[in-house]
There are 2 protein chains.
Amino acid sequence: MEALLRLSATLLLVLTALLVGLDSQTRLIFFVQKKASFTVLNALEGLVYATSIAAAYNFLQLCRYTFPYWFEGNSKKSYRYLAWLCYILDQVTVYVVFATTSAALEQSLLAITGAKSVQWMKLCNKFTRFCFQIGGAICCAYIASIILILVASISAFNLFRLYSPKKFLLVKGS
Amino acid sequence: MEALLRLSATLLLVLTALLVGLDSQTRLIFFVQKKASFTVLNALEGLVYATSIAAAYNFLQLCRYTFPYWFEGNSKKSYRYLAWLCYILDQVTVYVVFATTSAALEQSLLAITGAKSVQWMKLCNKFTRFCFQIGGAICCAYIASIILILVASISAFNLFRLYSPKKFLLVKGS
């Protein structure tokens with residue numbers, strides 16, 4: 001179950017990175033060649049890097065399921081350390097992906113509406129295909145975020161159920 | 001401990017909302033009065049609303065500690081439902097606050113650097129005091145986010161340690 005969720009998250013993250021990273025459109029505006037690509041807006045750049053790193057991390061986690069013997073602890077204690085590590089890394093991943101996706105969404109909205117009071121003009125009436133592709137990528141990234149939130153909840157569950165319900169931070173069975 | 005964390009998060013969130021919401025600067029540019037306020041950028045608007053709602057939610061949670069008898073369940077089962085509710089609401093709060101803060105940060109960076117290739121000009125060389133106040137607010141919001149992440153981890157801990165470490169979703173002691 002967890003492996004399946006991680007696999008779909010990895011695929012969606014790779015898809016997002018590719019959609020944003022390979023998106024570019026060139027147009028002639030006032031006799032000048034203008035090119036739109038993901039380097040125009042800093043949030044899109046951040047999205048490409050964050051989704052790539054998150055995809056790589058989830059791929060590594062998938063390897064953990066495929067070759068369980070490499071990572072198998074020989075004691076309960078090392079299992080607990082591994083669970084803490086997974087928990088923290090999963091939390092970091094999901095926060096970073098969710099935050100960069102939201103930042104990209106807000107900047108894209110700015111590109112659609114413009115900001116008249118500070119004379120930032122609209123971009124999407126000129127680069128329509130570019131904007132649609134970015135929109136699709138942001139949808140993918142949000143679905144991936146939701147899956148990652150589920151994965152992070154599962155890893156929190158796997159960690160915290162090792163502890164006693166009565167005393168704070170006391171390991172069960174010890 | 002949890003109450004203390006929630007109290008500081010609430011205060012920081014209120015401070016952020018006030019700093020962003022009351023921030024405005026008027027300047028004469030090319031003989032035209034220009035006013036910068038939080039309504040210029042959609043991410044700043046989002047930040048004001050998100051931090052206000054999150055502060056209200058954490059204030060309600062604080063009331064739960066101050067008047068525990070109102071919320072006290074009369075069985076183990078109702079305690080578990082309450083723990084699930086707190087867990088989900090805390091998760092939603094922390095994701096929303098973290099995401100809107102990051103979106104505001106990205107748009108503010110855009111306001112500092114501008115985006116030359118699409119002719120979005122810099123804003124912060126004209127509205128310097130405004131930008132410094134927004135910067136301070138974003139710092140506050142990030143500190144509040146970190147505290148909220150800790151609070152969400154504690155509520156996850158309080159929920160999941162009720163469950164058995166052996167079988168999936170089996171309540172301990174049942």
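The values are calculated or read from the model by the stated rules, or taken from the named source; none is laboratory data. Note that this is a predicted model, so its numbers are computed, not measured. Cβ: placed from backbone, ideal geometry, glycine included. Neighbour counts: every protein chain shown. Heads up: the accessible areas ignore ligands, DNA and RNA and are worked out on the full protein's heavy atoms, side chains in. Shrake-Rupley method; radii C 1.70, N 1.55, O 1.52, S 1.80 Å.
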Neighbours of residue B:148 by Cβ distance under 12 Å: Lys/Arg at +1, Asp/Glu at -1, summed charge -1
Checked the stretch A:1-142 against the a/c 1.5 cut and the a/b vs b/c comparison, axes a ≥ b ≥ c from its Cα gyration tensor; verdict prolate
Angle, helix A:2-21 long axis vs. longest principal axis of chain A, Cα atoms, 0 to 90°, nearest 10? 20 degrees
At a probe radius of 1.4 Å, figure out the B/A buried accessible area, summed over both chains, and give it in Å² to the nearest 100. 3900 Å²
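Could you work out the mean count of beta carbons from other protein chains within 10 Å of each residue's beta carbon in B:113-123? Display every interim value, and only then the final one.
On the way: counts 1, 1, 9, 1, 7, 11, 5, 11, 3, 1, 4.
Partner-chain Cβ atoms within 10 Å, mean over residues of B:113-123: 5.
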If all Cα-Cα distances of the stretch A:1-57 are sorted into 5 Å bins from 0 onward, what percent lands in each bin, rounded to whole numbers? 4, 19, 21, 17, 13, 10, 7, 5, 3, 1, 1, 0
Just the number please: accessible area per residue for the protein assembly as shown, 1.4 Å probe, all protein chains included, in Å². 53 Å²
What shape does the protein assembly as shown have by the C-alpha gyration tensor, where a ≥ b ≥ c are the square roots of the eigenvalues, rounded means a/c under 1.5, and otherwise prolate means a/b greater than b/c and oblate the rest? oblate
Of all accessible surface on the protein assembly as shown at a 1.4 Å probe, what whole percent is carbon and sulfur? 72 percent
Rounded to the nearest 10 degrees, what's the angle between the helix B:76-113 long axis and the longest principal axis of chain B, both from Cα atoms, 0 to 90? 20 degrees
Need the C-alpha centroid separation for the stretch A:97-121 versus the stretch B:80-112, integer Å. 18 Å
Local net charge near residue B:104, Cβ-Cβ under 15 Å (Lys/Arg +1, Asp/Glu -1): -4
On a 0 to 90° scale, report how tilted helix B:128-160 is relative to the longest principal axis of chain B, with both axes built from alpha carbons and the result rounded to the nearest 10. 10 degrees
Could you pull out every Cys in chain A that lacks a partner Cys with its beta carbon under 4.7 Å away? A:63, A:86, A:139, A:140
Rank B:12, B:150, B:22 by mean-square fluctuation in a GNM of chain B with C-alpha springs under 10 angstrom and give only the top-ranked residue. B:22
Evaluate the relative contact order of chain A (contact order divided by residue number), counting alpha-carbon pairs under 8 angstrom at least 6 apart; express in whole percent. 33 percent
Calculated from DSSP H runs of 4 or more alone, at -39500 (n - 2.57) each and per residue, what is the 222 nm mean residue ellipticity of the protein assembly as shown, nearest 500? -24500 deg cm²/dmol
If you add up the charges near residue A:17, with Lys and Arg at +1 and Asp and Glu at -1, over every other residue whose beta carbon is less than 15 angstrom from its beta carbon, what do you get? -2
Given a 1.4 Å probe and the protein chains all in place, what does the accessible area of residue B:60 round to, in Å² to the nearest 10? 110 Å²
